[in-house]
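Novice: Could you have a look at this structure, given as structure tokens, before my questions?
The values are calculated or read from the model by the stated rules, or taken from the named source; none is laboratory data. In this text, all values refer to a predicted model and were calculated from it rather than measured experimentally. Don't worry about glycine lacking a Cβ; one is built from the backbone with ideal geometry, like all the others, and counts go over all protein chains shown. Remember, those area values only see protein heavy atoms, side chains included, never the ligands or the DNA or RNA. Shrake-Rupley method; radii C 1.70, N 1.55, O 1.52, S 1.80 Å.
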Amino acid sequence: MHKEAAIREPLILGHKTYSDITEDVCGPIEGKAPKAWYIMFGIALLVGLYGIGCILYLLGTGIGTWGLNKTVEWAWDITNFVWWVGIGHAGTLISAVLLLFRQRWRMAINRSAEAMTIFAVFMAGLFPLIHMGRLWVGYWVLPIPNQFGSLWVNFNSPLLWDVFAISTYLTVSVVFWYIGLIPDFATIRDRAKGSVSRKMYGILSFGWSGRAKHWNRFEIVSLVLAGLATPLVFSVHSIVSFDFATSVIPGWHTTIFPPYFVAGAVFSGFAMVQTLLLILRKGMKLEAYIHTKHVEYMNIVIMVTGSIVGVAYLTELFISWYSGVEYESYAFINRATGPYWWAYASMMTCNVVSPQLMWFKKLRTSLLFTFFISIVVNIGMWFERFVIIVTSIHQDYLPSSWSMFYPTWVDIGVFIGTIGIFFAFYLAFARYFPVLAIAELKTIVKISGESYKNGTAPGHDDHGGGDHGHVEEPIKEDNTDTASEEE
Amino acid sequence: MADRVIYATYDDDHTLLEGAKKLVADGVHISDVFSPFPIHGIDPVIGVKHTRLGIVAMMFAVTGMMLAVIGFQYIMISDWPMNIGGKPNFSLLQNFPSFVPITFEFTVLFAAHGMALTYLLRNKTLPGMPADNPYPRNTDDRFTMEIRLSENGGMSSDDLHAKIKQTGIVEIEEKDYVVIK
């Protein structure tokens, strides 16, 4: 049985029973969707469809419809790609890394964060494919035997490393997510009243019946997958950073890129998790499961990773000066004072200054402030990628080719469209899938329920001699804000 | 004669665990347990062996890694060695540093998918498979023990019922044992 120190604050608020958890998570799926859901889904769908229209226009006309030129041949496409991949990182980090570290607070947020990962990585993958211009030959990046003679992919290329990294990351994330979903789909299946939903969830649940042997395997599979996904999280964004780091462009070929990109990815990923979860908890009335403590923990992650990112910016500046390479120094001076100074200033303000506000407990436990900062961080992280990419190549080694980049309506449309598609997917997920890991949450009811903290749970005394005996008398402590802090 | 099975249902995982320990100590063989979440500590009591899926994952990982290396050797070294940017591919060993990222990804890809597939096949949890939990609430808040009469040859149905009733059950039912899968 689980043990937890009595001084820990509960992870699930209220006197929730196993059945309450099932009801709270499955209820919104079984009932009618609220009006707000339809409105949000409708807007997301419209924006997404506009984006798809832009993509189709681009495919029909060519990538000349983007604002790229001979100098800036990578701009919003790769910026958006790296931004979306980074957002995806929080999901795997929460489900894999925090699982290995036995962080039980992850259980309330892992399911929706993993969904976010999958949709974000899917959006990320779109950009390199679109950037090819000929989407229909996208399969050429795979090392498959072909009829064009000895035409193979180049395994030395960081862009091919991306193909393998992103596809592995996407498929492993889907597997990890789905294996966790199977028991919860079974719960919905067994409650379903309509024949269609029973049939649908019956197929999705793969005939899960909750046998002891299956749970035994489930736990090992989850653990091993977490063990595999953890280095995968770090490898994926390191490999994405190699796209730049292995080049010869000033401002790109720095050895700090892999850890700096990973920290940035976690930073932006957690910010997006905050944005989505704050909407989700309110919309689906999940305040008992995703409460201030969860928000605060995530804000601490944002603060730490934001600080790492800040240190990385300063290290880059220092190294550009210390290296004595004039091109390198110029690249950084140009970033801060050149024509894109506003992008650099936005990046610095959003990514270095804003997370430092989280040092104040009042701010990091404020839901409204968290929501605001989460959006600020995501804007800042988009600018970070834009600054790295565009400011480094718009003024390269050859002054005669110096140029500016201006996005066209297609650039903007495709980017905004992916945000719409992402939200449409996420809202559909929230409507039809269990947004919390029901089975996992049930394992922490007894260790974290308030009732077990104050010894008033039904049957608490009866179990005193058993494993529940680990639940000790609560230590008198000044945790009066536990209940009151929740809004 | 068809086999008979007793389904003893509990409303608490801990009660079931304690009950299972007591029954096993009394010589009762418990065939299976159905629960909405893993009951830690139940496996050694009812004789569920530790799974070897971790070893399976390792085997898939090694397979993936070997396939990646064989692929590099064939594609990049022997079939069509490319000279890109003055960096020729003449030797697997010398070129291996640039193959490390994909070797790693391929290893993880094989290990994760291979293990997950093995897990689903071994469980017989596949799309379209029928569920065989005795009660719908086994995936909600009820914990059920399955005890087959044929596996408890020395005990009568009444004996078993009497023993089970002492373990804090909320419901007990005896049925014909039907194999669904």
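Novice: Which of the following residues is more than 9 Å from chain A (Cβ to nearest Cβ), open to solvent by 50 Å² or more (accessible area, probe 1.4 Å) and without any contact (Cβ under 8 Å) to a residue 60 or more places away in the chain: B:Gly128, B:Gly86, B:Gly114?
Specialist: Values: B:Gly128 fails: more than 9 Å from chain A (Cβ to nearest Cβ); B:Gly114 fails: open to solvent by 50 Å² or more (accessible area, probe 1.4 Å).
The unique qualifying residue is B:Gly86.
Novice: I would also like to ask the following. Please go through segment A:177-188 and give me each residue that is facing chain B (nearest Cβ under 9 Å) and open to solvent by 20 Å² or more (accessible area, probe 1.4 Å), ordered by number.
Specialist: Of everything in segment A:177-188, just one residue is facing chain B (nearest Cβ under 9 Å) and open to solvent by 20 Å² or more (accessible area, probe 1.4 Å), namely A:Tyr178.
Novice: Considering only segment B:40-59, state which residues are more than 7 Å from chain A (Cβ to nearest Cβ), closer than 19 Å to B:Ala20 by Cβ and open to solvent by less than 100 Å² (accessible area, probe 1.4 Å).
Specialist: Listed by number, the residues that qualify are B:Val45, B:Gly47.
Novice: With respect to B:Val100, is the statement that it is more than 16 Å from the chain's Cα centre (by Cα), β-branched (Val, Ile, Thr) and under 21 Å from B:Thr51 (Cβ atoms) true? Explain how you work it out, then say what you get.
Specialist: Details: more than 16 Å from the chain's Cα centre (by Cα): yes; β-branched (Val, Ile, Thr): yes; under 21 Å from B:Thr51 (Cβ atoms): no.
So B:Val100 fails the test.
Novice: Counting only residues that are farther than 18 Å from A:Thr17 by Cβ, under 21 Å from the mean Cα position of the chain (by Cα) and facing chain A (nearest Cβ under 7 Å), how many does segment B:8-37 have?
Specialist: The total comes to 3.
Novice: Also, quick follow-up: Quickly run through segment B:113-147 and pick out the residues that are touching a His at 6+ places or on another chain (Cβ under 8 Å) and farther than 28 Å from A:Leu223 by Cα.
Specialist: B:Ile147
Novice: Continuing with the same structure: Of all residues in segment A:145-161, which are within 14 Å of chain B (Cβ to nearest Cβ) and at pLDDT below 85?
Specialist: Filtering segment A:145-161 down to residues within 14 Å of chain B (Cβ to nearest Cβ) leaves A:145-146, A:148-161.
Result: A:Pro145, A:Asn146, A:Phe148, A:Gly149, A:Ser150, A:Leu151.
Novice: Which residues, counting only those in segment B:62-98, are in a helix (DSSP H, G or I) and touching a Gly at 6+ places or on another chain (Cβ under 9 Å)?
Specialist: Listed by number, the residues that qualify are B:Thr63, B:Gly64.
Novice: Let me ask another. Can you pull out the helices (runs of 4 or more DSSP H) entirely within segment A:363-443 that have at least 3 residues that are open to solvent by 10 Å² or more (accessible area, probe 1.4 Å) and of a type in the set (Val, Ile, Thr)? I'd like the intermediate steps shown before the answer.
Specialist: Numbers: elements: A:367-386, A:409-432, A:438-442.
Once the helices (runs of 4 or more DSSP H) in segment A:363-443 are filtered for at least 3 residues that are open to solvent by 10 Å² or more (accessible area, probe 1.4 Å) and of a type in the set (Val, Ile, Thr), what remains is A:367-386, A:409-432.
Novice: Something else now. Residue check: is B:Ile102 at pLDDT 90 or above and at the interface with another protein chain (Cβ under 7 Å from one of its Cβ atoms)?
Specialist: Considered against the rule, which asks whether it is at pLDDT 90 or above and at the interface with another protein chain (Cβ under 7 Å from one of its Cβ atoms), B:Ile102 comes out as yes.
Novice: Right, another one. List pairs: first in segment A:157-176 and surrounded by fewer than 24 Cβ atoms within 10 Å (Cβ to Cβ), second aromatic (Phe, Trp, Tyr) and in a helix (DSSP H, G or I), Cβ under 8 Å, 6+ apart or cross-chain?
Specialist: The qualifying pairs are A:Pro158/A:Phe242; A:Leu170/A:Phe122.
Novice: Conditions first: (1) assigned to a helix (DSSP H, G or I); (2) open to solvent by less than 30 Å² (accessible area, probe 1.4 Å); (3) not acidic (Asp, Glu). B:Thr144 passes all but one, so which condition is the exception?
Specialist: Of the numbered conditions (1) assigned to a helix (DSSP H, G or I); (2) open to solvent by less than 30 Å² (accessible area, probe 1.4 Å); (3) not acidic (Asp, Glu), the odd one out for B:Thr144 is (1).
Novice: Moving on. Would you point out which residue out of A:Val352, A:Val325 is among the aliphatic types (A, V, I, L, M), loosely packed, with under 15 Cβ neighbours inside 10 Å and more than 17 Å from the chain's Cα centre (by Cα)?
Specialist: Numbers: A:Val352 fails: loosely packed, with under 15 Cβ neighbours inside 10 Å.
Result of the check over A:Val352, A:Val325: A:Val325.
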